[in-house]
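**Q** Below you will find the structure I want to go over with you.
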Amino acid sequence: MPPADDKIWVNSADSHVWEPPTLWEENLPAHLKSRGPRVDRREKADVYIVDNEEVIFMKPDMLDAISPPGMMNLDLRMADLDQQGIWAEVVFASTGLWMTVMTDRELQRECTRVWNDWAHAELIKRSERYLPAAMLSSINVEDAAAEAERVAKLGFKVLAFPTTLVGGGEYNNPEFDKVWAVAQEAGLVISFHVGTGTKDLVVTRGPGGAIINYWETTVPAQRCVVHMVSSGALDRFPKLKVMTAEAGASWMPALGDRLDEAYRQHGRWMKPKLERLPSDILKAQVYSSFQHDETAVPTAIHSDYKNILWGSDYPHLEGTFPRTQEVLRELFKDVPDAVRHRVTLGAFEELFGVRMPAALAA
Ligand code: MN
């Protein structure tokens with residue numbers, strides 16, 4: 001354990017791990033071996049390949065821009081966390097996130113099992129500070145529910161669902177109750193990480209594309225939340241907790257206002273009838289993580305939306321490494337202690353039951 005110091009210690013609700021390049025090739029059943037996700041590092045692009053299809057080309061500097069010591073080496077990762085002042089972290093896949101665009105039921109199910117078994121062995125067993133987000137089938141709800149039950153027994157606390165469902169499904173579908181029921185029963189948090197479940201991350205080409213397309217990724221994350229609130233899923237499962245990752249957080253009050261207006265003015269057409277105001281459901285059951293947003297902490301101070309979490313997005317380019325402490329000092333300058341504690345540690349502890357040793361929390 002690192003010594004007490006003057007860092008702002010924080011839990012990260014949005015971090016990532018890089019999988020060994022041959023993880024799926026080595027662990028899938030023989031007849032599926034060649035079809036798992038992999039990255040082909042070419043001179044001009046990193047090509048992500050899923051089911052032998054090239055799904056996305058990324059500039060090589062996306063991967064190399066930050067490259068912290070623990071990026072590919074789990075033995076060094078903990079030192080990066082200590083240096084940044086990060087205690088526990090929800091750890092999402094990296095290459096593995098591309099499993100969410102698969103269309104073959106068996107392949108996707110087996111690929112998710114490989115990732116979950118690896119994350120269990122390499123992260124959960126290594127430290128309670130690592131909370132990997134289990135990958136699940138996004139094609140078949142029975143497969144997802146069965147795997148959710150399995151990973152609950154392995155000690156997972158978070159389930160990762162893509163923000164976009166291949167084939168056009170949506171989370172207002174009552175079929176998903178099968179997996180929500182498992183999650184509620186086992187106390188597993190449902191997470192939606194931006195940019196997952198679609199190959200079409202370039203929505204707009206031409207002027208402004210880099211910024212427009214980055215913004216576009218937040219829209220499906222909000223849509224997941226809107227569907228789960230408005231369809232009554234969170235009414236039927238009042239103990240279920242939902243978290244968006246890397247989607248910002250200060251949109252929550254505006255979203256609540258908008259849904260409440262529909263509830264009030266269009267309520268006669270509402271099916272099913274909600275037992276609570278949409279904003280009350282949001283405030284009770286939906287959490288959101290941000291990295292840099294200037295308005296996220298003021299939202300926690302000035303509104304009733306208190307489920308705002310910080311995330312480092314380590315080791316990705318959108319994250320804060322190696323400037324994490326600088327970013328945190330700026331974000332929490334002149335912020336009341338209680339709010340700082342809630343955003344940096346408290347909301348995360350409430351969601352996942354992981355507590356940093358009190359001696360570290362200055
Ligand atoms: Mn992330």
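**Q** Name the pairs whose Cβ atoms lie under 8 Å apart, with the first residue in the stretch 52-67 and at positive phi, the second surrounded by fewer than 14 Cβ atoms within 10 Å (Cβ to Cβ) and not in a loop (DSSP other than H, G, I, E, B), and 6 or more positions between them or separate chains?
**A** Qualifying pairs under 8 Å: Asn52/Ser34.
**Q** Given Leu97, Leu81, which one is closer than 21 Å to Glu349 by Cα and in contact (Cβ under 8 Å) with a residue 12 or more places away in the chain?
**A** The conditions single out Leu81.
**Q** In this structure, does Asp80 turn out to be within 16 Å of the ligand (Cβ to nearest atom) and of a type in the set (Asp, Glu)?
**A** When the stated conditions are applied, Asp80 passes them.
**Q** Select from the stretch 210-244 the residues that are open to solvent by 10 Å² or more (accessible area, probe 1.4 Å) and of a type in the set (A, V, I, L, M) and list them in ascending order.
**A** Passing the criteria: Ala210, Ile211, Ile212, Val219, Val226.
**Q** Give just the number: which of (1) touching a residue at least 60 places away in the same chain (Cβ under 8 Å); (2) open to solvent by less than 20 Å² (accessible area, probe 1.4 Å); (3) over 15 Å from the mean Cα position of the chain (by Cα) does Asp117 not satisfy?
**A** The number of the failed condition is (2).
**Q** Name the one entry in Ala254, Ala249, Ala181 that is hydrophobic (A, V, I, L, M, F, W, C), farther than 27 Å from Pro37 by Cβ and in contact (Cβ under 8 Å) with a residue 60 or more places away in the chain.
**A** None of the others qualify; the one that does is Ala249.
**Q** State the number of residues belonging to the stretch 161-180 that are in contact with a Phe, Trp or Tyr (Cβ under 7 Å, 6 or more places away or on another chain) and either among the β-branched types (Val, Ile, Thr) or open to solvent by 10 Å² or more (accessible area, probe 1.4 Å) (or both).
**A** 1
**Q** For the stretch 1-91, which helices (runs of 4 or more DSSP H) that fit wholly inside it have 1 or more residues that are open to solvent by less than 60 Å² (accessible area, probe 1.4 Å) and touching a Gly at 6+ places or on another chain (Cβ under 9 Å)?
**A** Those helices (runs of 4 or more DSSP H) span 23-27, 74-84.
**Q** Do you know which residues across the stretch 120-143 are free of Cβ contacts under 8 Å to residues at least 12 places away in the same chain and aromatic (Phe, Trp, Tyr)?
**A** none
**Q** If Ala247 satisfies all but one of (1) open to solvent by less than 30 Å² (accessible area, probe 1.4 Å); (2) within 20 Å of Val343 (Cβ to Cβ); (3) touching a Gly at 6+ places or on another chain (Cβ under 9 Å), what's the number of the condition it fails?
**A** (3)
The values are calculated or read from the model by the stated rules, or taken from the named source; none is laboratory data. Bear in mind the structure is a predicted one, so any value in this text is a computation, not a measurement. Glycine gets a Cβ as well: all are built from the backbone with ideal geometry, and neighbour counts include every protein chain shown. Each accessible area value is taken on the protein alone, full model and side chains, heavy atoms only, with ligands, DNA and RNA left out. Shrake-Rupley method; radii C 1.70, N 1.55, O 1.52, S 1.80 Å.
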